[in-house]
Structure formats: C-alpha cells, structure tokens
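Below is one structure, written out as structure tokens; comments come after it.
Taken together, the values in this text are just the output of simple stated rules run on the coordinates, not laboratory data. The structure displayed is predicted, hence computed values, not measured ones. FYI the Cβ positions are ideal-geometry reconstructions off the backbone, even for glycines, and counts take in every protein chain you see.
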C-alpha cells in the first residue's frame, strides 16, 4: 500500500506518468496489481461510474504488453481493471477500507 | 480468468450492438488496453478476445480507437500478432505513432501476403492500404502487388479511416503511378459513394486529371461505363436529400450536399466527354469478303503492350483486360478490344469491326495478333462497305 501511495501521491505529473520503468519483484507486482484493482473499483464509483483513473488503465496496458506475459494473477487483475472501466459487475473483495482509499488516492480520472 | 474474460467479451459485444458512439468512445481506452492480451490469446489459438475487440472497433463512428498511449499495444501486435491479428486490427489503432513506418508497412504487407482472402480480410487490407498511401513518405514502402487487393473490390465500411483519407491527393497520385487501369477503376469504385464528399480539393483535381488522361481511349470503354453507372447511382442517392444522408453524417448540411453533387456530376461529365471523344458506332459485321471494297485502304500497324494506348487516325486503341467477348457478334458490339481467345481469323486473338460515324459507309477493322508473350500487333484497316 505504501508503494502505491508513493506512486500516486508523490508523482509530480500524473498525466505524463509512465510505468515503463517499473520493474518490481514478482511478489510486489502481485500486491500492486491487486491493490490497483481495488483502487480502480473505488475510483470508478467515485466518478459516478464513468472512468477508472487513467493511471491504472495504463498499468494494465503496460502489464499486458510485457513479453513474456506476467503471472496469471496479474493478468486477471489487469482484466478486472478493464472490466471495471467497461462497467462490468466485478466483485470486489479488497482488504483496504474506504477510509484507506480516500487517503491513498488523490485520484482524478484523466 | 475465464469469468472476467467472459464478462469483457459479452460487454464489448453489447457495446457494439448498442450503436451508441458516445459510449464506445468513452470506453476506447479500456478497449485498447485489452489489445495486447487479445493478441497473445489469438496467437495461442483463442481468437475470442480479439474478435471481441474488433466488434466495437468496427462499430465506432470515429475512424480509429484513439488513445495516445497505444504504441505499446501496437508494438505488441506487430511483433507477436498472427497475420490475421495484424491485418484485422491495424486499421483500427493509431499506428502512425510508431517511429518506423517503413517497418510497419513491411510487416503488415507480409502478414497480408500469407493470409487467405475473405471479405473481412479484404476490407481490412484495402482500408489499411489507403491509410498507408495517404502518408506520402510511406508510399514507396508499399509493395506494388498489394495494390491488386483493390481489384477484389471489398465493400469498405462507411466509417473506416481508409475511406476517409483514401481520396486525398497522395493516394490518388500513388494509384495513378501504378499505371494499372484495373486497380485505378477499382480504387474509384471503392472510394466514391454518396457517403464520401471528396472534400480534399487536390485529391479531387487528381481524380479529374486521371479521368481525362488515364481513362480516355477506346479500350477504356468498359471501365468508364462501370464508373458512370456508379456515379449515376451516387447522384440518385444524393437526390434523396440531406435527411437521408444525415443517418451516417449528422453534420452534413445543404451546402455540403450541393458541393458533393457538383463534384460527382463533374466526374460523370468528364467520363462522358472521354466516351464521346473515343466512341465509334459499332455494328455487327459478317465475316465475308463479299460487299467489301478494300481498295485504297489506309493501313497502319503497331506493337501495343497491354494497358498502353496508341493513337490511330480513327481514335486511340488500347488493350483491355476486361471480360473477353465470346462471339463475333459480342465482340462487334463491344466498344473495347479483347485480348483473350477469339480465334476468328487464324493467328488472331480478336477481331473488331466498327463503323466510323463520319464519313458514312466507312468501316474500320482491328485485328489483334499475338507476336510474343504479352505483346500484340494491332492492325487497323479502313475500308468502304456498300
């Protein structure tokens, strides 16, 4: 969560933010992906069900474009992010509370 | 994984079916994000996700699923995609963001050369070909033989980008440079329609020049007739008024319609003029020496290559590769020459007898005699008939 907090909150220019230098260890990658699904869900609800924050979609694009593809759980998380943005009913079982979410994201849907 | 995949494929299908362009556009980023995964899946023999991606991509009224972050997805498509994926998807993504356009054209052309033809594939290849040709610096990278895909004349979807940019002057120039009348005619048949306003005035100027210069001559009659028929249809459709046309172009106004009509009428007039310049009144003529006065024949012959035109005192002769006549009568009635087997005279591929409008009782015979492979001698003789 801290890592993600740093990414989102401290990133100077989220529009230009790119995941291309992000090369995490497998465990961290899995945790980040899971958390981003939760943030996507939250961000989507926060924008009256219109948009998942673009930064999170870009994470999915970056991860799905990798060769070789990332572990299956990360692919599932990326697909979940896409499904949320497409307004599919994706069940959400995240551990983070809504309060935590508010703290974590100063997210805006661009 | 399967559950979420099914959710997505189902949703994309519904989005495409709803024909709600606003919704489609608002979801273009999510749809594009899916592309690399769909490419991997299709390569592993599971095309469902790629097909699901194509539903909204084709349904969108915007010409492409634009997102300025798509280089990664396009790069994955080109490096990992199957020929089918490359051919079907590339026209729908922002491919011109990739640095090496020449390499992209090469990969795309290679993919197109190994894929079997279907209507869907034909449409995509023609769409992409026109898109590429609209970028001046990429035209030299296009392999010449890929232009022949246009002769299959796949009906282009109304909302495809190739159709939109396909009437730009770069494209018209590229097609004309091929000096292939089949490709040229097919190209016009693809990009002219009541839904296309020929707004690029330089492109329109090139088209007019092409009709005057490339499609004049006796041998071009079939091509001209085909184009005139299409233009008649287009003008008829345009006469239905703005209301009819607004279904695919809501922003179209009365002035736009007036301009479109004027342009298409101009094209038609150019073709009719060319037709008038070169037409003979053709008549069936029995093959018999009786009644033919052959004295004082002006006789002239030359070697003519397919698709090259030659001037004779009676008009311009040009070999046509369109459907050969099957009988003498049919050949006589045809305004163009045939090059396929028509063994009326020994060693002659085709014979045509035409009555010259003026002076009266003057006829022209044209014999097409093969001399070498792909090389014919045309003998034109003029004689009086009483």
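Neighbour counting of Cβ atoms within 10 Å sorts the residues B:222, B:20, fewest neighbours leading, into B:20, B:222. Taking other C-beta atoms within 10 Å as the exposure proxy, B:151, A:72 rank A:72, B:151 from fewest upward. Here the residues B:204, A:42, B:53, ranked from fewest to most Cβ neighbours within 10 Å of their Cβ, fall in the order B:204, A:42, B:53.
Once the Cβ-Cβ distance between residue B:232 and residue B:116 is put in as r, and R0 is 22 Å, what FRET efficiency do you end up with, to the nearest 0.05? So, using R0 = 22 Å, E works out to roughly 0.05. Report, as an integer, the average count of C-beta atoms from other chains found within 10 Å of each Cβ along A:62-70. Taking the mean over all residues of the peptide, I get 5. Judged by the mean number of other Cβ atoms found within 10 Å, the most tightly packed of the peptides B:187-197, B:241-251, B:257-267 leads the ranking B:187-197, B:257-267, B:241-251. Look at the Cα gyration tensor of the range B:2-166: its axes a ≥ b ≥ c give a/c of at least 1.5 with a/b over b/c, and that counts as prolate. When both the range B:77-95 and the range B:164-232 are represented by their alpha-carbon centers, they are found 28 Å apart.
Do you know the relative contact order of the range B:2-166, to the nearest whole percent, from alpha carbon pairs under 8 angstrom that are 6+ apart? Spell out each step's value before the answer.
Values: 211 pairs, mean separation 33.5, N = 165.
Reported as a whole number, the value is 20 percent.
When each of the peptides B:134-145, B:72-83 is scored by the mean number of other C-beta atoms lying within 10 Å of its residues, the order from highest to lowest reads B:72-83, B:134-145. In whole Å, how far is the Cα centre of the range B:125-148 from that of the range A:28-57? Value for the Cα centre distance between the two parts: 40 Å. Taking every C-alpha pair closer than 8 Å and separated by at least 6 residues, the mean separation divided by the residue count of the range B:137-246 gives a relative contact order of 28 percent.
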